[in-house]
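Below you'll find the structure, written out as structure tokens, and then a few comments.
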Amino acid sequence: MQASRETFGNRFAVVMAMAGSAIGLGNIWRFPYIVGEGGGAAFIIVYLFSSFFLSLPILLSEAVIGRRTGANTYGAMEKLAPGTGWKWMGLLTVISPLIILSYYSVVGGWSVDFFAKSLTISFIGESGEQVSSLFGRFISSVWGPLACHTVFLGLTALIVVGGVKGGIEKFSKITMPVLFFLILLMVAYSLSLPGSKAGVDYLLRPDFSKLDAHAVASAMGQSFFSLSLGVGTMLTYSSYVNKQENLIYTGVGTAIFDLLFALIAGFAVMPAVFAVGLEPAGGPGLVFSTLPYIFAQIGISAPWLSGIVSILFFLSILVAALTSSISMLEVGVAFLMEEKGLSRKKATSLLFLAAWLLGCLCSLSFGPLSEVKLLGNTIFEFCDKLTSNFLMTFGGLLFTVFVGWKMKKSEVYDELTNGGTLRPNVRCFGVLYFIIRYLAPAVIGIIFVTNLLG
Ligand code: PHE
């Protein structure tokens, strides 16, 4: 069944694909408003620590399992722990990214719509309320968001059908550098606005008084989400990495790109928010309901510029979201191909359908289904909370426990140092293994229980 498994071309391809998975709506849409709610720079400091001391070791745990076995999440667990219950963990990590994909694709659909809007209509002259009520009206309507969700998921499936090299690698290698360029343009533009300095101060001056336990947990959760951890995406991508590659380099490279991008996105959004006197803690609507207004404000003196900036910004969100959504879909596709013998096309179509149906419910939960509540949450909120607060942390916990306690230390050493041939890796192995075996499971366990109780 597994005769000729595809692999990524080279290190650049691996890092672009992994960074592509990591960099997404989490960085551009979620990070700025969570920083806004969490109190700015103080939150960012916790986020930095969490990314390197917690998230990176989990990423490397997934990488060890993935590359060691060269298999999908389920197959990987079966190979390393045959006949044990660990395969159910593998199965869980096939289902979790599918749930994420369904609601993620709804937000991806909003970016399709806003991209189309920036090509065709102008918000110039409208008030802030008018612009944000347009967003509210759009997401609570029926057909528009459903159509956009379908387009977004359709694009995701098209790329995945192209395969690991011809689809995922090619798309990520071309779009990721362009994405960096676009977001840097946005930063330059945002910083050039009069009054933007307050936004820069907000991001750079730590106010520790706002940093409560909730903010710390949310910083850690965000760093998990942003690095696509605990749901098997990094495991699956690592299974396509060749044996000569240095896993620690690719992991660190991915974490650095992801972090940089989140910070850059913060500098693209916050100074602009402050420049027009809006609230930094604008919540999930921050990017979609306030940025078009900001672009329009600037458009009063230079209408053409406002149009261009708006197009570039929403194109960036769209591309970033796509490089992430393909990684979510690939987890299940790899599973169905390798364990059930389906062709790539069939596997992709089947999962497209499943994610599309659940996504439709998520989309309608902003409108006609808004009264349908699961444990007090709308369907969209339920899927989001279930995955970000529970499944991702639970998955992260189990991956580190698996690598730290179930796998042999010599196997982990072998994978992270390429059989002892990578000198710098040999030197840092002890610390890394300690974190994976003791520190990470303990801290993630605490976060998981806190989420469960809270
Ligand atoms: N990391 C992605 C983002 O920041 C989201 C994601 C989560 C991707 C889980 C894959 C798996 O948007």
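Scanning region 1-39 for residues that are closer than 20 Å to LEU184 by Cα and in a loop (DSSP other than H, G, I, E, B), we see that the one that is nearest to the ligand (Cβ to nearest atom) is GLY24. Being in a helix (DSSP H, G or I), open to solvent by 60 Å² or more (accessible area, probe 1.4 Å) and without any contact (Cβ under 8 Å) to a residue 40 or more places away in the chain: is that true of VAL426 here? When the stated conditions are applied, VAL426 does not pass them. Got at least one residue in region 198-213 being in a helix (DSSP H, G or I), within 16 Å of the ligand (Cβ to nearest atom) and among the small types (Gly, Ala, Ser)? No, because not a single residue in region 198-213 is in a helix (DSSP H, G or I), within 16 Å of the ligand (Cβ to nearest atom) and among the small types (Gly, Ala, Ser).
Report yes if LEU235 is within 16 Å of the ligand (Cβ to nearest atom), surrounded by 21 or more Cβ atoms within 10 Å (Cβ to Cβ), within 19 Å of the chain's Cα centre (by Cα) and in contact (Cβ under 8 Å) with a residue 40 or more places away in the chain, otherwise no.
The answer is yes for LEU235.
Residues that are in contact (Cβ under 8 Å) with a residue 12 or more places away in the chain, surrounded by fewer than 20 Cβ atoms within 10 Å (Cβ to Cβ), within 16 Å of the ligand (Cβ to nearest atom) and not in a loop (DSSP other than H, G, I, E, B) occur in region 238-254; there is at least one. Of the listed requirements (1) open to solvent by less than 30 Å² (accessible area, probe 1.4 Å); (2) in contact (Cβ under 8 Å) with a residue 60 or more places away in the chain; (3) in contact with a helix residue (DSSP H, G or I) (Cβ under 7 Å, 6 or more places away or on another chain); (4) not in a loop (DSSP other than H, G, I, E, B), CYS148 misses just one: (2).
Where residues in region 214-230 are aliphatic (A, V, I, L, M) and in a loop (DSSP other than H, G, I, E, B), which of them is surrounded by the fewest Cβ atoms within 10 Å (Cβ to Cβ)? Only one residue tops the list, namely LEU229.
Taken over region 183-197, the criterion of being surrounded by 18 or more Cβ atoms within 10 Å (Cβ to Cβ) and either acidic (Asp, Glu) or assigned to a helix (DSSP H, G or I) (or both) is satisfied by ILE183, MET186, VAL187, TYR189, SER190. Total residues in region 322-353 satisfying the condition of being more than 16 Å from the ligand (Cβ to nearest atom), hydrophobic (A, V, I, L, M, F, W, C) and open to solvent by less than 60 Å² (accessible area, probe 1.4 Å): the figure is 5.
The values are calculated or read from the model by the stated rules, or taken from the named source; none is laboratory data. The structure presented is a predicted model; accordingly, all values stated were derived computationally and were not measured. Here the Cβ is made from the backbone with ideal geometry for all residues, glycine too, and neighbour counts use every protein chain on show. Areas reflect the complete protein model, heavy atoms only, side chains present, ligands, DNA and RNA absent. Shrake-Rupley method; radii C 1.70, N 1.55, O 1.52, S 1.80 Å.
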